[in-house]
Amino acid sequence: MSGTRESKLGAKNPQWKGDNVGYDALHGWVRLRLPKPDNCQRCGVTIPYDLANISGEYTRDLTDWWWLCRRCHMESDDRLEKLRERNKAGDIKVGIVCGFCGETFKVQPCRIRRGNVRYCGVACQGKAFTASITHCPSGHAYDKDNTYITSVGGRKCRKCNSVRASILRRGI
């Protein structure tokens, strides 16, 4: 059985692509063959999480890869400096008002957004989306008389609930 498996490994496999492999598949291939050390191979202090390519050529040469902590990986790709520059550029604005609760909050350019309205968090964004739904899936309006709020804060249609209850009472 193991002879069959070994005969299909690497270049002997009909689906082998060599160095013409995709980004994720190549990282997976290297991850299987390059043992993960206890500490980052650059700073030697932190536990490594990222498998990083040294030259940027993305080949199957294991000497061209190393295990880095997130900070060292971002520094080696110059992403950490770009992040610092963006934060220094004064992109944080004060006085943005949440489109759902009306609370004033600070926001960065990458903050949650739906259209031109800004929300102070995911909870307000979800509540605003739910509030925009005016009818239940069966087509009944979510109005004052036909809607009740569940114990967890969700909305239920009274007409649909009475239909469900009558079906359960009849045992259908």
Problem - Separation in nanometres of the label points that stand 7 Å from Cα toward Cβ, at Arg70 and Lys127 - result: 2.9
Completion exercise
For the pair Lys156 and Leu34, the simple spin-label estimate (label points 7 Å beyond Cα toward Cβ) gives in nm 5.5
Exercise for the section: Over segment 133-172, consider all pairs of different Cα atoms and compute the Kirkwood hydrodynamic radius from their mean reciprocal separation; express it in Å, one decimal. Expected result: 10.8
Handout entry: Nearest-20 debye value, segment 2-80 charge dipole, Cβ charges on Lys, Arg, Asp, Glu
Key = 380
Handout entry: Proximal aspartates and glutamates relative to Lys159, as straight alpha-carbon distance under 18 Å, when same-chain residues fewer than 8 apart are discounted
Key = Asp143, Asp145
Completion exercise
Between Leu83 and Lys17, Cβ-based FRET efficiency (R0 30 Å, step 0.05) works out to 0.35
Fill in the blank from the handout: Quick calc, Glu57 & Lys8: beta-carbon distance into FRET formula, R0 30 Å, rounding 0.05, result 0.65
Exercise for the section: Sticking with the crude label model, points 7 Å out along Cα→Cβ, report the distance from Cys101 to Thr134 in nm, one decimal please. Expected result: 2.7
Exercise for the section: Calculate one ³J(HN,Hα) per residue across segment 143-152 by plugging θ = phi - 60° into the Karplus curve 6.51 cos²θ - 1.76 cosθ + 1.60, and present them in order as whole Hz with x for glycine and proline. Expected result: 10, 4, 7, 9, 10, 10, 9, 6, 5, 9
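Read-outs: derived from the displayed coordinates by stated rules, not from any lab. As the structure is a computational prediction, the values presented were derived from the model and not from experiment. Virtual Cβ from ideal backbone geometry, glycine too; neighbours counted across all protein chains shown.
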